[in-house]
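Since the structure comes first, as structure tokens, the remarks are kept for the end.
The values are calculated or read from the model by the stated rules, or taken from the named source; none is laboratory data. All values reported here derive from a predicted model rather than from experimental measurement. Cβ placement follows ideal geometry from the backbone for every residue including glycine, while neighbour counts extend to all protein chains displayed.
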Amino acid sequence: MNLYLYLISLPILLISNFMMFMFSSSLFMWMIMEINLISFISLTMISTNSELVMMYFLTQSLNSYIFLMSAIMSKLSNLYQFDLLVLISMMSKLGMFPFHIWYIKFMKFLNWNMFFIGSSLQKFIPLMVMNMYLKLKIHLLWIFMFMLIFSLIFIPLLAMNTYSIKMILIYSSLIQLSWIISVMIFNNKIWIIIFLIYLICLLSLIEIFKFFNISYIYEMSKVSMFIKIYLILNILSLSGLPPFLGFLIKWMYMNLSSQFNYFYFNILIMLMSTFNFFFYMNMTMKCLILWNYNMKMFKKKNYLFLKFKIVMIFIMSIFMLLIYEIF
């Protein structure tokens, strides 16, 4: 039964994401959101507590209806307040600050496969809706910029003292969302490349955590030094440290924002990125001080398939760089 659910729901979930490229009508976007929601819930019901699934369903459904009603009222009245409600409903669907509490409660109990889908694929449709509205409603940009700044300030502070890997990745996801939307403000196409870069970085980390069954930072002591270094490099990539792939996100942002007169906003964003970098460095240092004392129980494991995945992720990273050069 579980296999049938995966075979039916997962393709529908993927197709619903691609369908967003075909429609710009608010009604069709709402329908796609509902199809996507049903397919994701059917997948999460296999391994997640029913109360958490119900919480996710109610939150997403409520925000979908707020989006639909606000979009209709916006066309009828031309009031910017309804456009703002559309963006707020999408922020809530994404679990962005200050609507992050439900998102954290739900995500931390998912298995690694569903965690990856919830942190990546489930964010694409709300981001597409936000992109369409930000492109058409220029007067909302300044309001949205300040909301992003607050997100970049408070999320690293909330994540500072956590040792749970899933919690760290949840907070990291919220930070990366702020960067993606910051780029979206200046360019309505490049953000998709940044989203794919984040997806690759996240996938490379989750594959390791899933393979070694790592849930907390102190459990990294059970992996080899090679894997530990690989983890640290991926964490540094997420932090946006050059010359790693994640730095391309900040590079794109600075390249795009320099074409517009947002000097003070750029200074604030760069200052906030130092808070973000400290959050990632804190995680890196915790990983470094954990030395591998006992590897006997892991020496017999076959890492061939894991190494193949790592190589494929590296090739995808190079491909992302080539795509950016083409754009």
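Wholly within the stretch 89-188, which helices (runs of 4 or more DSSP H) include no fewer than the required count, namely at least 2 residues that are of a type in the set (A, V, I, L, M, F, W, C) and either free of Cβ contacts under 8 Å to residues at least 12 places away in the same chain or out of contact with any helix residue (DSSP H, G or I) (no Cβ under 9 Å at 6 or more places or on another chain) (or both)?
In the stretch 89-188, 141-158 are the helices (runs of 4 or more DSSP H) which contain 2 or more residues that are of a type in the set (A, V, I, L, M, F, W, C) and either free of Cβ contacts under 8 Å to residues at least 12 places away in the same chain or out of contact with any helix residue (DSSP H, G or I) (no Cβ under 9 Å at 6 or more places or on another chain) (or both).
Condition first: polar (S, T, N, Q), assigned to a helix (DSSP H, G or I) and modelled with pLDDT of 90 or more. Can you find one or more residues in the stretch 26-38 that meet it?
yes
I'd like the full set of residues that are modelled with pLDDT under 80 and of a type in the set (S, T, N, Q), limited to the stretch 183-229.
Asn187, Asn188, Ser221, Ser224, listed by residue number.
May I ask you to list the residues in the stretch 211-241 that are among the hydroxyl-bearing types (Ser, Thr, Tyr) and touching a Leu at 6+ places or on another chain (Cβ under 6 Å)?
Ser221, Ser237
Among (1) surrounded by 19 or more Cβ atoms within 10 Å (Cβ to Cβ); (2) of a type outside the set (Lys, Arg); (3) outside any helix (DSSP H, G or I), which single condition is Phe67 missing?
(3)
Mind listing just one residue for me: the one in the stretch 162-219 that is closer than 26 Å to Asn17 by Cα and of a type in the set (S, T, N, Q) and, of those, nearest to the chain's Cα centre (by Cα)?
Per the stated criteria, the residue is Ser173.
Answer yes if at least one residue in the stretch 73-96 is of a type in the set (Val, Ile, Thr) and either touching an Asp or Glu at 6+ places or on another chain (Cβ under 8 Å) or farther than 22 Å from Pro156 by Cα (or both), and no otherwise.
Checked against the condition, which is being of a type in the set (Val, Ile, Thr) and either touching an Asp or Glu at 6+ places or on another chain (Cβ under 8 Å) or farther than 22 Å from Pro156 by Cα (or both), the stretch 73-96 yields at least one hit.
If you go through the stretch 113-120 one residue at a time, do you hit one that is crowded, with 17+ Cβ neighbours inside 10 Å, over 28 Å from Leu205 (Cβ atoms) and out of contact with any Phe, Trp or Tyr (no Cβ under 8 Å at 6 or more places or on another chain)?
There is no residue in the stretch 113-120 that is crowded, with 17+ Cβ neighbours inside 10 Å, over 28 Å from Leu205 (Cβ atoms) and out of contact with any Phe, Trp or Tyr (no Cβ under 8 Å at 6 or more places or on another chain).
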